[in-house]
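**Student:** Would you mind keeping the following structure in view while I ask a few things?
The values are calculated or read from the model by the stated rules, or taken from the named source; none is laboratory data. No experiment lies behind these values; they were computed from the predicted model shown. Glycine gets a Cβ as well: all are built from the backbone with ideal geometry, and neighbour counts include every protein chain shown. The accessibility values were calculated without ligands, DNA or RNA, using every heavy atom of the protein model including side chains. Shrake-Rupley method; radii C 1.70, N 1.55, O 1.52, S 1.80 Å.
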Amino acid sequence: MMTEIPLKQHIAPSGEQMTVRDLASCPPPERWHDWVEYDAKVWPRKVEKHYEIIPTICFNCEAACGLLAYIDKETGRVKKFEGNPYHPGSRGRNCAKGPATINQVNDPERILYPLKRAGKRGEGKWERTTWDEALETFAAKIRAAIVEGRRDEVMYHVGRPGHDGYMERVLGAWGVDGHNSHTNVCSSSARFGYQVWCGADRPSPDHANARFILLISSHLETGHYFNPQAQRIIEGKMKGAKLAVMDPRLSNTASMADYWLPTWPGSEAAVLLAMARIILVEQLYNREYMRRWVNWQDFMAAEYPGEPRTFDRFIALLLDLYAEFTPTFAAQESGLPEEVIVDIARQVGQAGTAFAAHTWRAAAAGNLGGWQVSRALWFLSVLTGSIGTPGGTAPNSWNKFVPAPFLKPAPSEVWNELLFPPEYPLANYEMSMLLPYFLREGRGKLAAYFTRVYNPVWTNPDGTAWIEMLTNEQQVELHAALTPVWSETAWYADYVLPMGVGSERHDLMSQETHAGRWIGFRQPVLRVYKARHGEPMQYTYQANPGEVWEEDEFWIELSWRIDPDGGLGIRKYFESPYQPGQKLTIEEYYRWLFEHSVPGLPEVAAKENLSPLEYMQKYGAFEIPQEKAPVFVLNERELQPAELEGTQVDEHSGKIMRSGSAIAVMVGGKALEGFPTPSRKLEFYSATLKDWGWPEYAVPGYTHSHVHRSAIDNERGEYLLIPTFRLPTLIHTRSGNAKWLYEISNANPVWVHPTDASRIGVATGDLLRVTTEIGYYVNRAWLTEGIHPGIVACSHHLGRWRLDAGSGTDRWASAQVALGREQDGTWRLRHLQGIQPFESADPDSARIFWREGGVHQNLTFPVHPDPISGMHCWHQKVTVEAAHPGDRYGDVYVDTRKAYEVYKRWLALTRPQADRPDGLRRPLWMLRPYRPAVEAFKLRGQ
Ligand code: SF4
């Protein structure tokens, strides 16, 4: 906790007495009600500014760092945002995107009122409407779909949810299987690799206490958990940890590493398996951990039934199985020196239980079979026994806390094949990027479609397919874009419904930022401020700029209108737990959670004479005490006798069964919790993959990527394009409203190694044409040795566009373009005017100096769904050449017919099974974001 800073009486040269304290970076909470600073703008005069400080959490990436909003008591407006030192994840530190929230609040381009289209879809004509009208329109449409049994026609499609669990409860209450996400263009592949091992689909490294840290790409540190993870990596390094970063690009993180390992994309699993083999050969593995916790008996029983079932024999089989993964082979595949692979492997083995590792997008998201990368990386964690240890890597569920709300809806009995189609029974998340093709093929339609903080026209591969879908009123009957900012997708909506930025909404979040569990409370700071000063509001939009609202309240209102008399059984989930029959208020929702579902919070709050809700409103975050929610080696937790009532032990496997499911496992004569997998152990051997049609992948292996180096011939002008890397200063498609961030980052040139540039014949700044399977784009070259030769890379943030001179995507960030479909079905996009200064209430808009604003590339990518994980495999085989005569910066050309052919080709990689195991659509044990009832998993007629 912060210590109070002594008040000093200063006498200014003017003779004024000053009352501010010495410089302080983190005001102590006892002074948050009246924090005094001098007004920097009138220096050298000493003019005091009085602020009330109210915490919230950042909405600009998933990390949910703490922010403090400084509310100017004179104007009643937010003046600035700084870090919240009482937030356990971020501890007072933010990246550039956190403080830039103030730009988003004050953006003169922001959408202030609900809008309804006044012309055809995509025509760009809008009229202001009311929240009431929008709610009534959607309620009628959704009610009709529910009453008429069309429960798969209501779809909520989310990019950045910003909460934990709220929406799943809403959809459950409606009884629809309508949760769709962006995850299969983001992380579903990495998740799949983790899930098949341990049942949780994300890792949580304890970097601060590690001895060796291995990162596959810098994704984690440049965008995903950027600040909380980055600060702990540095902490670990300061305590002596070594850091290795495997990334073909010299990222900011790689530049801070002890080892930069620029592997050929897609070869990472080969390198990791070679490291695993070295650890086995040199007996650096944690024998006892593996013996206890790996499902090696299942492996031997299934694959080597005639062999003696001993652990030593298992290790011998492992050495046979991975014999080909020599350092020489890994070096050939990756381009890394053999001795470096051996050296890192030894250091990983020697780090033992203090080996921390992470991979997220990057290699896993780029390659066919990318999930083998996370699977091979977790293999190293298993070998070292570093799962959930201090300095190791835990399943994310051990470092996250999601409080349970009151009254949980029963799961729906509907299965939506637009989300989980029969071709992809193991897809880790919804097959969201294939939605336009499924609707085109007549697999269904959407009566009511919500996109929430989601911009598929711009973000997804083959974005023109999304334009064609969204402008087809037979396929999508009614579409609302719930968004804090204009986007390329909102342009094609029927309704554009403005939602708040990080300081204008309620949400509850928890993330696996370190070995601990915490919750962070996002709150509309002006609403809190006004309530404290005698001006309570019924709805958040009454306190926000214009009529900017928040989703939480929107869904409550919508649910009441779908079921006004409670006859559909929906309304009861949105009634107050304190006043039966009354409409739930958002304050009551969170009050109930904090009072009943967060261990330790009521006691800690009581010590300060606060209610749990008041505590969260005051501090904005809470760390669950470890004695209430331990975080290390939870698989070893011994079950209490009461927990074992009604269970049976399977003598053969040691699994402890209840109602047909394994809930724990006998290990060393004790009933232990284990992992949420079918065996309750770490599944080196995945019977699931074998049973569901992929026997060759039953154990961790190496899949040749679609961009394997043998497929790329540089001499013929072919290169591998990495289109996925993040800049630490931008947010996917939500930073167009943050002027400071665009001032820092406003171009995305193509990274080219100098040897490749001389082959192509370009210098830095020259125009390049990058041609994919379905089209091309034109961008500038940037020569750098920070990229593996033979590979080019282009950041995925920039190249925003708008179709109208004065409206659409923010003018800080977007070029005005012409975009249209030609007679032959091809599409062309051309910049008409780059980014220009403009007049607005913010004088900075007239000072914009950046012009080009980047080049869009995702339109030129076809979909590449991995046949197992379902993940879009982002990396592209491209040809790169100097621009052609007539090419202009920002040009994009796409042939959507070719895109459809590529979709069909990748679809053909799947293996539909005539007979599914147990007659199921999907293994029951695998996660789904919204999980319907078991009955819904059963195929009809089975
Ligand atoms: S790391 Fe993410 S949550 Fe934290 S300040 Fe930056 S953008 Fe906000």
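**Student:** When you go through Trp264, Trp260 one by one, which is the residue that is in contact with a His (Cβ under 9 Å, 6 or more places away or on another chain) and among the aromatic types (Phe, Trp, Tyr)? Steps first, please.
**Tutor:** On the way: Trp260 fails: in contact with a His (Cβ under 9 Å, 6 or more places away or on another chain).
Criteria check complete, one pass: Trp264.
**Student:** Next up: Quick one: in segment 54-71, of everything that is within 20 Å of Lys739 (Cβ to Cβ) and more than 18 Å from the chain's Cα centre (by Cα), which residue is nearest to the ligand (Cβ to nearest atom)?
**Tutor:** Out of the qualifying residues, it is Leu67.
**Student:** Another one. Right, Glu324: closer than 25 Å to Ala241 by Cα, at pLDDT 95 or above and either open to solvent by 50 Å² or more (accessible area, probe 1.4 Å) or in contact with a strand residue (DSSP E or B) (Cβ under 6 Å, 6 or more places away or on another chain) (or both) or not?
**Tutor:** no
**Student:** Of a type in the set (Asp, Glu) and open to solvent by less than 50 Å² (accessible area, probe 1.4 Å): is that true of Asp756 in this structure?
**Tutor:** Yes, satisfied.
**Student:** What pairs can you find where one residue is in segment 724-750 and closer than 17 Å to Ser251 by Cβ and without any contact (Cβ under 8 Å) to a residue 60 or more places away in the chain, the other is open to solvent by 30 Å² or more (accessible area, probe 1.4 Å) and within 16 Å of the ligand (Cβ to nearest atom), and their Cβ atoms are less than 6 Å apart, with a gap of 6+ or different chains?
**Tutor:** Taking only residues 6 or more apart or on different chains, the pairs are Ser745/Leu727.
**Student:** Something else about it: Got at least one residue in segment 541-552 being among the aromatic types (Phe, Trp, Tyr), farther than 22 Å from His33 by Cβ and open to solvent by less than 10 Å² (accessible area, probe 1.4 Å)?
**Tutor:** Within segment 541-552, the subset among the aromatic types (Phe, Trp, Tyr) is 541, 549.
Adding the requirement that they be farther than 22 Å from His33 by Cβ leaves 541, 549.
Retained after the next criterion (residues that are open to solvent by less than 10 Å² (accessible area, probe 1.4 Å)): 549.
Yes.
**Student:** Right, another one. Give just the number: which of (1) open to solvent by 60 Å² or more (accessible area, probe 1.4 Å); (2) outside any helix (DSSP H, G or I) does Val631 not satisfy?
**Tutor:** Going through (1) open to solvent by 60 Å² or more (accessible area, probe 1.4 Å); (2) outside any helix (DSSP H, G or I) one by one, Val631 breaks only (1).
**Student:** Out of segment 81-98, which residues are basic (Lys, Arg) and either away from the ligand (no atom under 14 Å from the Cβ) or more than 15 Å from Trp740 (Cα to Cα) (or both)?
**Tutor:** Within segment 81-98, Arg91, Arg93 meet the criteria.
Conditions tested, residue by residue: (1) small (Gly, Ala, Ser); (2) in contact with a strand residue (DSSP E or B) (Cβ under 9 Å, 6 or more places away or on another chain); (3) within 26 Å of Ile722 (Cα to Cα); (4) touching a residue at least 12 places away in the same chain (Cβ under 8 Å).
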| position | (1), (2), (3), (4) |
| --- | --- |
| Glu338 | no, no, yes, no |
| Val348 | no, yes, no, yes |
| Ala357 | yes, yes, yes, yes |
| Ala364 | yes, yes, yes, yes |
| Gly388 | yes, yes, no, yes |
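**Student:** In segment 102-120, what count of residues is obtained for those that are within 16 Å of the ligand (Cβ to nearest atom) and open to solvent by 20 Å² or more (accessible area, probe 1.4 Å)?
**Tutor:** Residues of segment 102-120 within 16 Å of the ligand (Cβ to nearest atom): 102-105.
Retained after the next criterion (residues that are open to solvent by 20 Å² or more (accessible area, probe 1.4 Å)): 105.
Residues flagged as within 16 Å of the ligand (Cβ to nearest atom) and open to solvent by 20 Å² or more (accessible area, probe 1.4 Å) within segment 102-120 amount to 1.
**Student:** Scan (1) under 20 Å from Trp549 (Cβ atoms); (2) away from the ligand (no atom under 16 Å from the Cβ) for the single condition Glu123 breaks and write down its number.
**Tutor:** (1)
**Student:** With respect to Lys46, determine if the residue is touching a residue at least 12 places away in the same chain (Cβ under 8 Å), open to solvent by 40 Å² or more (accessible area, probe 1.4 Å), more than 13 Å from the ligand (Cβ to nearest atom) and more than 18 Å from Arg532 (Cβ to Cβ).
**Tutor:** Values: touching a residue at least 12 places away in the same chain (Cβ under 8 Å): yes; open to solvent by 40 Å² or more (accessible area, probe 1.4 Å): yes; more than 13 Å from the ligand (Cβ to nearest atom): yes; more than 18 Å from Arg532 (Cβ to Cβ): yes.
For Lys46, the condition - touching a residue at least 12 places away in the same chain (Cβ under 8 Å), open to solvent by 40 Å² or more (accessible area, probe 1.4 Å), more than 13 Å from the ligand (Cβ to nearest atom) and more than 18 Å from Arg532 (Cβ to Cβ) - is met.
**Student:** Please count how many residues of segment 82-101 are of a type in the set (A, V, I, L, M, F, W, C) and open to solvent by 10 Å² or more (accessible area, probe 1.4 Å).
**Tutor:** Matching residues across segment 82-101 total 2.
**Student:** Could you check segment 209-302 for helices (runs of 4 or more DSSP H) lying wholly inside it with 3 or more residues that are within 16 Å of the ligand (Cβ to nearest atom) and in contact (Cβ under 8 Å) with a residue 12 or more places away in the chain? Please lay out each step first, then the result.
**Tutor:** On the way: elements: 219-222, 226-238, 252-255, 268-281, 287-293.
Those helices (runs of 4 or more DSSP H) span 219-222, 226-238.
**Student:** Let me ask another. Output the residues belonging to segment 163-194 that are aromatic (Phe, Trp, Tyr) and either open to solvent by 10 Å² or more (accessible area, probe 1.4 Å) or touching a Gly at 6+ places or on another chain (Cβ under 6 Å) (or both).
**Tutor:** Passing the criteria: only Tyr166.
**Student:** When you scan segment 510-518, do you find a residue that is crowded, with 23+ Cβ neighbours inside 10 Å, over 19 Å from the mean Cα position of the chain (by Cα) and of a type in the set (A, V, I, L, M, F, W, C), even just one?
**Tutor:** Scanning segment 510-518 turns up at least one residue that is crowded, with 23+ Cβ neighbours inside 10 Å, over 19 Å from the mean Cα position of the chain (by Cα) and of a type in the set (A, V, I, L, M, F, W, C).
**Student:** Please enumerate the residues belonging to segment 417-436 that are surrounded by fewer than 20 Cβ atoms within 10 Å (Cβ to Cβ) and over 26 Å from Arg143 (Cα atoms).
**Tutor:** Those that are surrounded by fewer than 20 Cβ atoms within 10 Å (Cβ to Cβ) and over 26 Å from Arg143 (Cα atoms): Pro422, Glu423.
**Student:** Right, next: So, in segment 865-886, how many residues would count as being open to solvent by less than 40 Å² (accessible area, probe 1.4 Å) and under 21 Å from Tyr900 (Cβ atoms)?
**Tutor:** Here the count works out to 11.
**Student:** Restricting segment 908-942 to residues that are assigned to a loop (DSSP other than H, G, I, E, B), under 25 Å from Ala200 (Cβ atoms) and of a type in the set (D, E, K, R), which is least open to solvent (accessible area, probe 1.4 Å)?
**Tutor:** Checking each candidate, the answer is Arg922.
**Student:** How many of the residues making up segment 121-139 are in a helix (DSSP H, G or I) and either crowded, with 19+ Cβ neighbours inside 10 Å or in contact (Cβ under 8 Å) with a residue 60 or more places away in the chain (or both)? Let's see the steps before the verdict.
**Tutor:** Step one: list which residues in segment 121-139 are in a helix (DSSP H, G or I), which gives 131-139.
Applying the additional criterion that residues be either crowded, with 19+ Cβ neighbours inside 10 Å or in contact (Cβ under 8 Å) with a residue 60 or more places away in the chain (or both) yields 131, 134-139.
Result for segment 121-139: 7.
**Student:** Something else now. Would you tally the residues in segment 734-759 being in contact with a His (Cβ under 8 Å, 6 or more places away or on another chain) and closer than 19 Å to Gly799 by Cα?
**Tutor:** Residues that pass the stated criteria total 3.
**Student:** Only one of these is small (Gly, Ala, Ser) and under 30 Å from Leu446 (Cα atoms): Ala173, Ala208. Name it.
**Tutor:** Details: Ala208 fails: under 30 Å from Leu446 (Cα atoms).
Selected residue: Ala173, the only one of Ala173, Ala208 that is small (Gly, Ala, Ser) and under 30 Å from Leu446 (Cα atoms).
**Student:** OK, next. Mind checking which residues of segment 634-645 are open to solvent by 60 Å² or more (accessible area, probe 1.4 Å) and outside any strand (DSSP E or B)?
**Tutor:** Once the filter is applied, which keeps residues that are open to solvent by 60 Å² or more (accessible area, probe 1.4 Å) and outside any strand (DSSP E or B), segment 634-645 yields Glu636, Arg637, Gln640, Pro641, Ala642, Glu643, Glu645.
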